[in-house]
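Notes follow the structure.
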Amino acid sequence: MKDFPYTESKDTRSGFGAGLAELGASNPNVVALCADLTGSLKMDAFKKAFPERFFQVGIAEANMMGVAAGMTIGGKIPFTGTFANFSTGRVYDQIRQSIAYSGKNVKICASHAGLTLGEDGATHQILEDLGMMKMLPGMTVINPCDYNQTKAATLAIADYEGPVYLRFGRPVVPNFTPADQKFEIGKAWLLNEGSDVSIFATGHLVWKAVLAGKLLAEKGINAEIINIHTIKPLDAEAILASVRKTRCVVTAEEHQMNGGLGDSIAQLLAREEPLPLEMVAVHDSFGESGTPDQLMEKYGLTDAAIVAAVEAVMKRKK
C-alpha cells in the first residue's frame, strides 16, 4: 500500500477561500456572492481585496441564485457561497430554472455538507445534494477530498464554461494531495494500484479509504483506491478499467446511498460490467446533532466500515 504522508490538517472550505482570493487577483470577471455567511465560507479575503466585486445578498439564497444567473449575461463569472443545504434544497427551483435550464455560467459553491457539519443537526446536514445536482442536465458536480484539491478545483472551475456545483466542508481533515496539482474535471485520480478490490471514494471519505487500504494490506488484501472528485461527468473509462481487473467494487461517500456516487457507479456497472458492489454511505436516514467523529462512527462512514465492505464484497467475488 502506497504511503500518503501529510504534515498538516485543514478544512476544505479554507481551500475554497484561498482559491477564490487567487482568482480575484487573476481574473477580473470573477465575482462573489454570499448569503450572510462570509466568514463560514472563508470569503473574507476576496471581500477585503475586491469589495467592488463582492455582493452580500443577506439571508436570501433564492435571490442570490437569480442575481448570479443575471450577472453571467454581462460576462461575469459568479461564485455563490452558502451552506450546502441552502445552496441546493432551499433553492432548487431557482437553480433548475435560472441556471441549469438556461446553461448559465454560475459556480455554486457549497460548504458544511454532510454529517460532518456536526452539532448543527439534521436540518443543516444535507445528504442528498450530490444526487439533486447531478440529476440536473448540464450540471457539473465536484466533491474534492482535502484543502489542496479544493483550492485546485476552485481555480479550475473558473475556466470551465457552464454551471458547476462544488461541495466542501467545515471539518479539519488531512491535507495529503500535492499543492501544485493540476485539477482535471471529470478525470479520476488513482491513489493506489491494486488487484483485489476497487475502492472508489469521494470527498472526506477519500482519506478514510486510504486508511482502510493500509488496514487491508495488513490482511493481505491489495486494494486499488481511486479518488472520484468529479461525480458528474463520471470517469467511466477509469472506473471500468479498474473493475475489469479487480472484479469487485466498494464505494464510499458522505451522502445518502440513494443518488450518490455509489448509485452512479452501480448504473455504470449494470450497463457495462455487472459485478459485486458494496456501498459505504448513509442508509436512507437524516442526520442528527453530535460531533463529526461521533456521527461518522454512528452512520458507518469510517475506515473500519470500508474494510468490512471490502471483506463482504470479496466473498461475493467470482
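A few comments on the model shown:
- Cα→Cβ-extended label distance, 7 Å offset, between Arg244 and Glu8, nm: 4.2
- Cβ-Cβ distance of Ala179 and Asp93, R₀ of 51 Å, FRET efficiency by 1/(1 + (r/R0)^6): the value works out to about 0.85.
- Computed from Cα atoms, the angle from the helix 236-246 axis to the main principal axis of the chain rounds to 20 degrees.
- Relative to the longest principal axis of the Cα atoms of the chain, helix 261-272 runs at roughly 60 degrees.
- Equivalent ellipsoid of the chain: semi-axes from √(5λ) of the C-alpha gyration tensor, largest first, are 33, 19, 18 Å.
- At R0 = 25 Å, FRET efficiency that the Cβ-Cβ distance of Thr123 and Asp36 yields, to 0.05: 0.90
- Axis angle, to the nearest 10 degrees, between helix 61-73 and the longest C-alpha principal axis of the chain: 80 degrees.
- The stretch 189-315 shape via C-alpha gyration tensor axes, a/c threshold 1.5: oblate
- Approximating the spin labels as points 7 Å out from Cα along Cα→Cβ, the Ile59-to-Thr291 distance works out to 2.9 nm.
- Subtracting the Cα-Cα distance of Ser195 and Lys318 from their residue separation scaled by 0.36 nm leaves 42.9 nm.
- By other beta-carbon atoms within 10 Å, ranking Cys109, Cys34, Cys248 with the fewest at the front produces Cys248, Cys34, Cys109.
- With the simple model of a label 7 Å out from the Cα in the direction of the Cβ, Glu237 to Ala270 spans 2.6 nm.
- Packing-based exposure ordering (other Cβ within 10 Å, fewest first) of Ile59, Ile306: Ile59, Ile306
- Helix-only [θ]222 nm of the chain, DSSP H runs n ≥ 4, -39500 (n - 2.57) each, per residue, nearest 500: -10500 deg cm²/dmol
- Loop-resident sites, the stretch 158-258, for trypsin sites (Lys or Arg not before Pro), counting at most 16 other Cβ within 10 Å (DSSP): Lys182, Lys187, Lys219
We did not get these values from a lab; they are worked out from the coordinates using the rules stated. The shown structure was predicted, so the numbers you read here are calculated from the model rather than taken from an experiment. Ideal geometry is used to build each Cβ from the backbone, glycine not excepted, and the neighbour counts take in all protein chains shown.
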